[in-house]
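Colleague: The following block contains the structure, expressed as structure tokens.
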């Protein structure tokens, strides 16, 4: 949604209108271990290219903040992400409210309305701060102001494509792998006393849910029937990643030629990978919106602007999924969008005597409640903890 207000803006300096919240924004902060490195510019270019891959493919009104670090003590890449647990009933209600694709419809058809999850029968679910904010389960960032810190062993990386060293690893691919985890694709395994959202879509070849580190029969499936990718079951890698192409006897789904993927548990030297069907499907069923996959109305919601004496009246439709309130900010270059006091009602009346502000439509503000009323935010703040996931080199 983009509204041009040339006539009004020329006469009312107190008002500004920004483009729609449709569009994932990942804000990188680069540690001095990168900015002062001789190859720092190339490192930042590769990381920004990975960020652009997400921002191009997802249309969600979400800002994610990540600190990027060069650390030779990690293997290939490592994400240290702020996480917390939430009511399963609240999570399910929020996920249902964000259904926009065929994958979403199929995935939700396997989740009956209940206050307990269908995997372990628990009443809580554990996810990242970015994912919780996408669903309206929380607001704000981690205690340090970020959603995650992602570290790379830059001494092992190729910074450009095509790769300059066949023995090194593609930084852009590793960055996409780690950002995927920040957005919420990791499993809670090897722990089994709680689940993460993606664990709801973990099936065996008999099309039964599976949540174990035993055996080797676990796949991602959006509909409980079609297998998308086979999960890694090597304890040396993350259980929420895919089996790597080197394990061709374990690669999936059947009938598809094995190939490397961004979310492989173990990286391969000399190659390059980008987000593919497996990664897109995982984020899609977690509530993220892939560009071009929406099932809702094809038109964008607009703010109707009526200029009056000493005031501007803003109104907008309320039948757009998740975009029904007004947000504001005073500076488009910095700061965050916040729910507008003027937008508490629709239409909203904005006095022209106020300092300049920019307005857009944003997601419904979270409500506080309990399981019975399907609250969207816990009554008490979540207890954050850091969740660490590592991408390792394949040991041949």
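The values are calculated or read from the model by the stated rules, or taken from the named source; none is laboratory data. A quick note: this is a predicted structure, and the numbers were derived from the prediction, not measured. Note that we place each Cβ from the backbone using ideal geometry, even for glycine, and neighbour counts take in every protein chain shown.
Colleague: For the range 241-248, does any single residue satisfy the condition of being surrounded by 15 or more Cβ atoms within 10 Å (Cβ to Cβ), in contact (Cβ under 8 Å) with a residue 40 or more places away in the chain and outside any loop (DSSP other than H, G, I, E, B)?
Modeller: We begin by selecting, within the range 241-248, every residue surrounded by 15 or more Cβ atoms within 10 Å (Cβ to Cβ); these are 241-247.
Within this subset, residues satisfying the condition of being in contact (Cβ under 8 Å) with a residue 40 or more places away in the chain are 241, 244, 246.
From the residues that got through so far, the ones that are outside any loop (DSSP other than H, G, I, E, B) too are none.
Checked against the condition, which is being surrounded by 15 or more Cβ atoms within 10 Å (Cβ to Cβ), in contact (Cβ under 8 Å) with a residue 40 or more places away in the chain and outside any loop (DSSP other than H, G, I, E, B), the range 241-248 yields no hits at all.
Colleague: Here's another thing I want to ask about it. Residue check: is residue 127 in a strand (DSSP E or B), modelled with pLDDT of 95 or more and out of contact with any helix residue (DSSP H, G or I) (no Cβ under 7 Å at 6 or more places or on another chain)?
Modeller: Criteria not met by residue 127.
Colleague: OK, next. Answer with yes or no whether residue 272 is in the same structural domain as residue 93 (by TED's automatic domain parsing) and within 23 Å of residue 192 (Cβ to Cβ).
Modeller: Here the answer is no, as residue 272 does not meet what is asked.
Colleague: Looking for whichever is more than 30 Å from residue 312 (Cβ to Cβ), under 23 Å from the mean Cα position of the chain (by Cα) and at pLDDT 90 or above here; the options are 81, 59, 72, 100. Which one fits?
Modeller: Residue meeting the stated conditions: 81.
Colleague: Something else: If residue 188 satisfies all but one of (1) touching a strand residue (DSSP E or B) at 6+ places or on another chain (Cβ under 8 Å); (2) part of a loop (DSSP other than H, G, I, E, B); (3) farther than 24 Å from residue 99 by Cβ, what's the number of the condition it fails?
Modeller: (3)
Colleague: Out of 314, 354, which single residue is at pLDDT below 85, outside the structural domain of residue 97 (by TED's automatic domain parsing), over 25 Å from residue 95 (Cβ atoms) and part of a loop (DSSP other than H, G, I, E, B)?
Modeller: 354
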